[in-house]
Structure formats: C-alpha cells, structure tokens
Amino acid sequence: MNRIIFLLLFLCSMVLLSCSSERNTFTNRLFHNTTAKYNAYYYANEKIQELETAIATNHREDFSQVLPVFYTIDSAFIDSNEELLGEVRSFASKAVDWHRISKWVGPSYFLIGMADYYEAKFDDASNTFKYLNVNGKKKDIRHRSLIQLMRLFTDLDNFDDAAY
C-alpha cells in the first residue's frame, strides 16, 4: 500500500514539475504545446472566426461601386463586438505569457495582431505583423502576417508599402 501511495505522489510531483516554462525539456514542451494549442490558442482562434463570420454575415454588397476584395469593416459593428475582441486578446496573451516555450506563441501573436487590426489600432497591428514576418518560425504564420500587413497598408491607402 505504501508503494502505491509513493508512486502516486511521485507521478503527481513529476506532472507539477513539468509545468515550468523555464526549463526546455521534452515533457515541458509537450505540456506547453498541448495546453497552449487546445486551451488559449483554440479559444482565441474560435473567437476571431466567430467575429469574421459575423462580419461576413453583416456585410451587404453595393453593386453600384467597385466590389472590394475583403469585407469592409464597420466600426459600429466592431464596437458592438468589443467584448469578443477582448476575449481574443486575453486568450492569446495567455498563450504567449504562460507557454513561452510552446510552438503556439507565433500563431497567438498573429491573433493579437488581428484583434488590433479589427480594433483599428493599425500601428500596433502593423508592428505585430512586421515582427512575425521577420521573426516567425513557421512559414504559414509568416505568410499570413505578410498578407495581413498588405491588407492593412491597402486599407490605409499606403500602396507603396503594400507593394514593397
């Protein structure tokens, strides 16, 4: 009976020790990759997708004008969904702060940049997308951030930077 209790306590202590974001071991990376992806990143991504679906549903085409490539973003609609963007920022920043050694830090930064973009904080969004374009470890995130950066420059009528 003592051996079972000792083994159970040993396993519990190993699980608790694997939660450190300072040590870069296999168990730490496994724990942080799993919890960052399936907790913080997942919920932030779901909230962004919910917002983008609502933007697409709310959008009405004006066929007397040139049709835009991307949906136009109504500031009143974004103001009514400010709580949703706050949740995106909260979840994504938890993935960045608590799971620094995970491979989901870059995608979480991208979601923070998207929240800045939708809130019309264009300087912050631009800095985030530029950072990810230069320092991103995954090609997919670098490409998505570059596309969003071009979209941001196009929205601001800064076509020289968008072409660059």
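Descriptive notes on the structure:
- Condition check for residue 34: modelled with pLDDT of 75 or more and either touching a helix residue (DSSP H, G or I) at 6+ places or on another chain (Cβ under 7 Å) or under 14 Å from residue 100 (Cα atoms) (or both): yes
- The range 39-66, subset of a type in the set (A, V, I, L, M) and open to solvent by less than 90 Å² (accessible area, probe 1.4 Å), residue farthest from the chain's Cα centre (by Cα): 56
- In the range 68-164, counting only helices (runs of 4 or more DSSP H) that sit wholly within it, the ones holding 3 or more residues that are under 14 Å from residue 47 (Cα atoms) and open to solvent by less than 20 Å² (accessible area, probe 1.4 Å) span 82-98, 105-118.
The values are calculated or read from the model by the stated rules, or taken from the named source; none is laboratory data. Computed from a predicted model, the values in this text were never measured in an experiment. So basically every Cβ, Gly included, is an ideal-geometry build from the backbone, and we count neighbours across all protein chains shown. Each accessible area value is taken on the protein alone, full model and side chains, heavy atoms only, with ligands, DNA and RNA left out. Shrake-Rupley method; radii C 1.70, N 1.55, O 1.52, S 1.80 Å.
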